[in-house]
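Engineer: Attaching a single structure in structure tokens format; questions to follow.
We did not get these values from a lab; they are worked out from the coordinates using the rules stated. Just so we're clear, the structure is a prediction, and the values are computed from it rather than from any experiment. We place every Cβ from the backbone using ideal geometry, glycine too, and count neighbours over all the protein chains shown.
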Amino acid sequence: MKLYITPGSPYARMARIVVLEKQLGDRVEVIAAQTRTADSPYYAINPSGRVPYLLRDDGTGMEESSLICSYLDHLDGRPLFDLPGGEFSLEARRLEALSRSLIDGLSVWLRELVRPENERSPGVIRHEAARAQRMTDLWEREIGSPVMNGPLNIAQLTLACALGLERRNPDFLWRDRCPVLAHWYDKLAVRPSLVATAPPPLPPH
């Protein structure tokens with residue numbers, strides 16, 4: 001199988017972490033895709049141009065990080081990242097949605113920062129910076145949930161990849177306001193799969 005990624009994408013990072021955690025390196029080739037470039041050859045592989053994108057051995061393509069993570073996680077019939085069930089099922093889905101909301105907003109903010117300075121939208125940046133502050137303040141209160149402190153699951157993975165964008169966005173400042181959240185993240189961030197997939201900082205403009 002071939003997994004197309006970009007090094008800075010938090011969504012692609014989620015899939016890369018699952019590859020490492022599930023020890024799928026001999027089955028999944030990770031390939032850096034050229035995105036957001038006119039006439040990139042990658043568009044012939046994935047017309048949307050988004051990452052991650054998994055090209056399965058049967059030639060079927062799969063897009064969307066949570067779908068790809070679930071597929072890879074279930075290949076051996078022993079999934080590690082499924083959300084808790086039973087009494088925690090609805091709570092787990094709620095927290096996964098909160099994780100996804102944070103990562104989506106941060107990604108919009110980051111896309112503005114990689115544009116040439118004269119093409120950036122100050123209004124979008126202000127909006128997403130304020131949203132990120134509200135969401136991390138909320139997570140400071142929510143992070144004690146058993147769902148976020150049990151075995152690693154997709155909600156935890158999504159939140160960790162969101163918070164890890166602090167490496168790419170120097171204005172994403174949340175640690176001083178959210179010490180409990182910072183402690184949670186720092187314990188998870190030393191996991192070898194997260195260290196190996198840490199996103200690069202933004203190049204200077």
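Engineer: So which residue, out of GLU117, GLU128, GLU64, gets the largest mean-square fluctuation from a GNM of the chain using Cα contacts under 10 Å as springs?
Structural biologist: For the chain, modelled as a Gaussian network with Cα springs under 10 Å, the answer is GLU117.
Engineer: Which order do the peptides 151-160, 186-195 come out in when sorted by mean C-beta neighbours inside 10 angstrom, highest first?
Structural biologist: Highest-to-lowest ranking by the protection proxy: 151-160, 186-195.
Engineer: Please figure out what share of the DSSP beta bridges in the chain is antiparallel and state it in percent, rounded to the nearest 5.
Structural biologist: The antiparallel proportion sits near 60 percent.
Engineer: Are there trypsin sites (Lys or Arg not before Pro) in the stretch 2-79 that DSSP puts in a loop and that have at most 15 other Cβ atoms within 10 Å, and which ones?
Structural biologist: Answer by residue number: ARG27, ARG36, ARG56.
Engineer: Okay, next question. Taking a virtual spin label 7 Å from the Cα of ALA189 along the C-beta vector, which residues in the stretch 140-169 bring their backbone nitrogen under 13 Å of it?
Structural biologist: Counting backbone N atoms under 13 Å from the label point, the list is 160-169.
Engineer: At 222 nm, what value in deg cm²/dmol follows for the chain if DSSP H runs of at least 4 each add -39500 (n - 2.57) and the sum is divided by all its residues, to the nearest 500?
Structural biologist: That calculation yields -14500 deg cm²/dmol at 222 nm.
Engineer: Another question about this same structure. Counting Lys +1, Arg +1, Asp -1, Glu -1, what net charge surrounds THR6 among other residues with beta carbon under 10 Å of its beta carbon?
Structural biologist: +3
Engineer: Considering only C-alpha atoms, what is the centroid distance from the stretch 169-185 to the stretch 1-37, in Å?
Structural biologist: For the stretch 169-185 versus the stretch 1-37, the Cα centre distance is 26 Å.
Engineer: Rank GLY150, GLY164, GLY61 by mean-square fluctuation in a GNM of the chain with C-alpha springs under 10 angstrom and give only the top-ranked residue.
Structural biologist: Comparing GLY150, GLY164, GLY61 in a Gaussian network model of the chain, the most mobile one is GLY150.
Engineer: Would you list ASP73, ASP171, ASP58 from fewest to most Cβ contacts within 10 Å?
Structural biologist: Taking fewest neighbouring Cβ atoms as first place, the list is ASP58, ASP171, ASP73.
Engineer: Right, another one. Tally Lys/Arg at +1 and Asp/Glu at -1 over every other residue whose Cβ is under 13 Å from the Cβ of PRO84; what's the total?
Structural biologist: It works out to a net charge of -2.
Engineer: Additional query: What is the pair-distance distribution P(r) of the stretch 85-204, computed from all Cα-Cα distances in 10 Å bins starting at 0, with each bin given as a whole percent?
Structural biologist: 13, 45, 32, 10, 1, 0
Engineer: What relative contact order, as a whole-number percentage, does the chain give when Cα pairs under 8 Å and 6 or more residues apart are counted?
Structural biologist: Once normalised by length, the contact order is 24 percent.
Engineer: Please work out how much length the chain gains when fully extended from SER66 to ALA198, using 0.36 nm per residue of separation minus the C-alpha to C-alpha distance, in nm with one decimal.
Structural biologist: Extending this stretch completely gives an extra 45.7 nm.
Engineer: Ok, one more. Which entry is the computed semi-axes √(5λ) of the Cα gyration tensor in Å for this structure: [x] 31, 18, 14; [y] 38, 20, 15; [z] 26, 25, 14?
Structural biologist: [z]
Engineer: Shifting gears a bit: To the nearest 0.05, how large is the calculated FRET efficiency for SER89 and GLN23 if R₀ is 30 Å and r is the Cβ-Cβ distance?
Structural biologist: 0.60
Engineer: Oh, and also: In terms of modelled amide H atoms, which long-range or inter-chain residues lie less than 5 Å from the amide H of ILE31?
Structural biologist: LEU3, TYR4, ILE5
Engineer: List the relative contact order of the stretch 62-143 as a percent without decimals, with contacts defined as Cα pairs under 8 Å and 6+ residues apart.
Structural biologist: Relative contact order here is 20 percent.
Engineer: Something else: If you add up the charges near PRO199, with Lys and Arg at +1 and Asp and Glu at -1, over every other residue whose beta carbon is less than 11 angstrom from its beta carbon, what do you get?
Structural biologist: Within the 11 Å Cβ shell, the charges total +3.
Engineer: Taking 0.36 nm per residue of separation and subtracting the Cα-Cα distance, what length does fully extending ALA130 through ASN118 add?
Structural biologist: Using 0.36 nm per residue and subtracting the Cα-Cα distance, I get 2.2 nm.
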